[in-house]
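Just so you know, all these numbers are worked out from the coordinates, no wet-lab data involved. Keep in mind that this is a model prediction, so the values were computed, not measured. Counting neighbours? That spans all protein chains shown, and the Cβs are built from the backbone with ideal geometry, glycine included.
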Number of protein chains: 2
Amino acid sequence: MAARLSNGRSRDPSRDLGFAFSVEIRFVVTGRLTIALDVMGGDKAPDIVLHGANIALERFPNTEFLLFGSEPQMAALLERLPKLRRASRVIHTDDAVSNDAKPSQALRSGRRSSMRLAIDAVADKSAAAIVSAGNTGALMAMAKLVLRTLPGIDRPAIASFFPTERGESVMLDLGANLSCDANNLVQFAMMGEVFARTVLGLLQPTVALLNIGAEELKGHDEVREAAALLRLTPLAPQFQGFVEGNDIAAGTVDVVVTDGFTGNVALKTAEGTARLFSFFLRQSLKNSFLAKFGYLLVRPAINKFRSRVDPRRYNGAIFLGLNGIAVKSHGGTDALGFANAIGVAIDMSVHGFLEKIRVEVEAFQNLQPNSEAALG
Amino acid sequence: MAARLSNGRSRDPSRDLGFAFSVEIRFVVTGRLTIALDVMGGDKAPDIVLHGANIALERFPNTEFLLFGSEPQMAALLERLPKLRRASRVIHTDDAVSNDAKPSQALRSGRRSSMRLAIDAVADKSAAAIVSAGNTGALMAMAKLVLRTLPGIDRPAIASFFPTERGESVMLDLGANLSCDANNLVQFAMMGEVFARTVLGLLQPTVALLNIGAEELKGHDEVREAAALLRLTPLAPQFQGFVEGNDIAAGTVDVVVTDGFTGNVALKTAEGTARLFSFFLRQSLKNSFLAKFGYLLVRPAINKFRSRVDPRRYNGAIFLGLNGIAVKSHGGTDALGFANAIGVAIDMSVHGFLEKIRVEVEAFQNLQPNSEAALG
């Protein structure tokens, strides 16, 4: 039996039977799960946040929500969402972090903002995770300050998943760190691997470093050093060396590790290319009478195609390496997209992402002296 | 009247009337143009090289070819391509650079290789340009050694063009330089701008630096420094600041400038995403009877769509900054793709890429002292 995952994902049962079983047990034991929502974050807040929470609640009926934001603005919406209202607690605040606020500014003056209070709820254990569609830089800065990084992790990273020819894969860092040294990349590999186990439900995800050539001699020093280090860690059997940009969509490995500059460019280049393809396809199909008629027949197929690359399915930039679970939804997403971001936060909570990371960090730290000695 | 360009490209006459006119004049003045071909380079050499040359000859009847490679292997093919045979001179050599040769190895032992002799022909002015589908690293190393960089250019870069929502754009560097300082990036901007004028036929191409955020504070030091420098150069009116990964396919600017690591990842990520889309689309259309029938009707539209994203149209990684024109065709391309790579080399030769670069370098050098003073 395959475990139910967020975003309509289903685990591959052949790869994952044992794990799926443990998940079911865990669900029964942990019972209700509380998620903190920054109701004022995002282009279409609070509307899509509450409607998104409502969809998530249908998918995960054991969830309850802490709703941080303007009570008057929420009241009218909640009236029309009675189930959500019963499963939620509203914590009123007038403050919100604006989309154009600098991270430093948000840190200084946003202490009573909906975003900050929602993060605080994770820090004081009132909630298992926080989800926000607000200002990314502010969210990362606040989450770092309040939740701090996990022991053994120097810097948090932003991860997300992608559709591939083989299913789905994870990439990180997508923009939290401009430059990374070899140790940062090794820690990202570790976090990405645990994330793929937790959210994609893979037993032994494969991992690789993004580079510009498969040969050992190519690439930046830090990438080559990270490869040498990874071969000495418990991840060695899953580490596949280097992959190139085209391997991301091919699904050559389950976890693609890179620095935040390169990862951000790759992510946005893929998004741009996807949009270009849709644009060209739409133009071509609109431009002839025959095509318009034929389109009626192929529409179900095209819609199926669209759903496979629907950005809402892949909504959720996940902050990994913090002492708490924080998921950033795309600012311009709709209710379905926001529900998927909540789903990722729930998966990470229910499937024990933080505990798994702690176990992995320990296994790494036991080996660290050896690996450093080996590298000289 | 729009000038005829390689790859079936057509200039936008509204943007380009004056320039197109000067091109026509130049064509008459220069007469026949000689292109050196590495006949032994590429996965399907010599077959696709000669058939590609034959297609290029139909498009550009004023071309003649120097064919470097094994005469016996060429003989049978040329017998079936009489027009090409009449327009060509075969220079026999037994040596060829293998696909897996290291650049250093090719430099040492490849002095009589078809690739090296073809480059030599450009150095001694027997040919205007060289086109090869062989080993990229070896081609770059040999071209750098033999042709050297242009005065005022510190490092060559690899450029190519991309389909965008607005037409086509140019990106560089795609892998010649792992790391670049601000001056390298400024020189790439200059070379890319001249390339866009020469091959895309734009009068005043817009230029931007690839970065991970539009705000001035984001990005690596060298990218921010390059932006400051570019604002002080003759390119300032065309310089649009920073763009992000999604802007490449959107066609936000005509020339996207970045370091070789990032550019290579972006290029291959875009290729991978394009392949993923085609894969999903094909799968969707195959999976239902109705879709199969409807596909017959939309096929012409889909084919039109395919031709817009056909990688053969964008075949040709161009080595910019060398004292000679060198174009690298994709190793796995077919005859049409190789013909397009030849077309790029012809465009660059006919439209005076090297002279234009010299003029631009001079304009920059006259301003250099000011810009350095301004940066302190």
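Each residue of the stretch A:64-78 was assigned a 3J(HN,Hα) from its phi angle through the Karplus curve 6.51 cos²θ - 1.76 cosθ + 1.60 (θ = phi - 60°); the sequence is 10, 10, 9, 9, 9, x, 6, 4, x, 5, 6, 3, 5, 5, 5 Hz, with glycine and proline shown as x.
Our coupling estimate for the stretch B:148-153, obtained by passing each phi through the Karplus curve with A = 6.51, B = -1.76, C = 1.60 and θ = phi - 60°, is 6, 7, 5, x, x, 10 Hz, Gly and Pro reported as x.
Based on C-alpha pairs under 8 angstrom that are at least 6 apart in sequence, the stretch B:158-314 has a relative contact order of 31 percent. Amide H contacts of A:S169 (H built 1.01 Å from N, in plane; Pro and chain starts excluded): A:F162, A:T164 sit under 5 Å, all sequence-distant by 5 or more or on other chains.
Report relative contact order for the stretch B:132-219 in percent, whole number only (criteria: Cα-Cα under 8 Å, sequence separation at least 6).
Numbers: 64 pairs, mean separation 15.0, N = 88.
In percent, rounded to a whole number, it is 17.
If amide hydrogens are placed 1.01 Å from N in the peptide plane, which non-local residues have theirs closer than 5 Å to the one on B:G316? HN-HN under 5 Å from B:G316: B:H330.
Once you order the gyration tensor axes a ≥ b ≥ c over the Cα atoms, which shape class does the protein assembly as shown get: rounded for a/c under 1.5, otherwise prolate or oblate by comparing a/b with b/c? Prolate, because a/c is 1.5 or more and a/b exceeds b/c. Taking every DSSP bridge with both residues inside the stretch B:158-314, close to 40 percent are antiparallel.
Among the DSSP beta bridges whose two residues both lie in the protein assembly as shown, what percent are antiparallel, rounded to the nearest 5? Display every interim value, and only then the final one.
Working: 28 of 86 bridges.
Just about 35 percent of them are antiparallel.
For a 27 Å ceiling on Cα separation, which of these pairs sit above it: A:K44/B:K304; A:K44/A:K83; A:K268/B:K286?
Cα-Cα > 27 Å for A:K44/B:K304; A:K268/B:K286; rest within.
Using a Gaussian network model of chain A in which every pair of alpha carbons under 10 angstrom is joined by a spring, one finds that among A:H92, A:H330, A:H220 the greatest mean-square fluctuation is at A:H220.
For chain B, what relative contact order do you get, as a whole percent, if you take Cα pairs closer than 8 Å and at least 6 residues apart? Spell out each step's value before the answer.
Numbers: 725 pairs, mean separation 85.5, N = 376.
Value for chain B: 23 percent.
Specify, per residue and in Å³, the volume enclosed by the convex hull of the alpha carbon atoms belonging to the stretch B:158-314.
Working: hull volume 18.0 nm³, N = 157.
That works out to 115 Å³ per residue.
Projecting the Cα atoms of A:F289, A:I302, A:V257 onto the charge dipole of the stretch A:255-302 (Cβ charges, centred on the Cα centre) puts A:F289 farthest toward the positive pole. When Rg and the Kirkwood Rh are both derived from Cα coordinates, the Rg/Rh ratio for the stretch B:70-181 amounts to 1.03. If you average the alpha carbon positions of the stretch A:216-281 and of the stretch B:114-146, how far apart do those two centres end up, in angstrom? After rounding, the separation between the Cα centres reads 32 Å.
Size of the dipole of chain A about the Cα centre, Lys and Arg at +1 and Asp and Glu at -1 on the beta carbon, nothing else charged, in debye to 20? If you can, show how the numbers build up before the last one.
Working: 41 positive and 38 negative charges, 301 e Å.
Using only the charged Cβ atoms, the result is roughly 1440 debye.
Karplus-based coupling profile of the stretch A:271-287, in residue order and whole Hz: 4, x, 5, 4, 5, 4, 4, 4, 4, 4, 5, 4, 4, 5, 6, 7, 8, with θ = phi - 60° in 6.51 cos²θ - 1.76 cosθ + 1.60 and x standing for Gly or Pro. Amide H contacts of B:V90: B:L67, each under 5 Å away and 5 or more positions distant or on a separate chain (H built 1.01 Å from N in the peptide plane; Pro and chain starts excluded).
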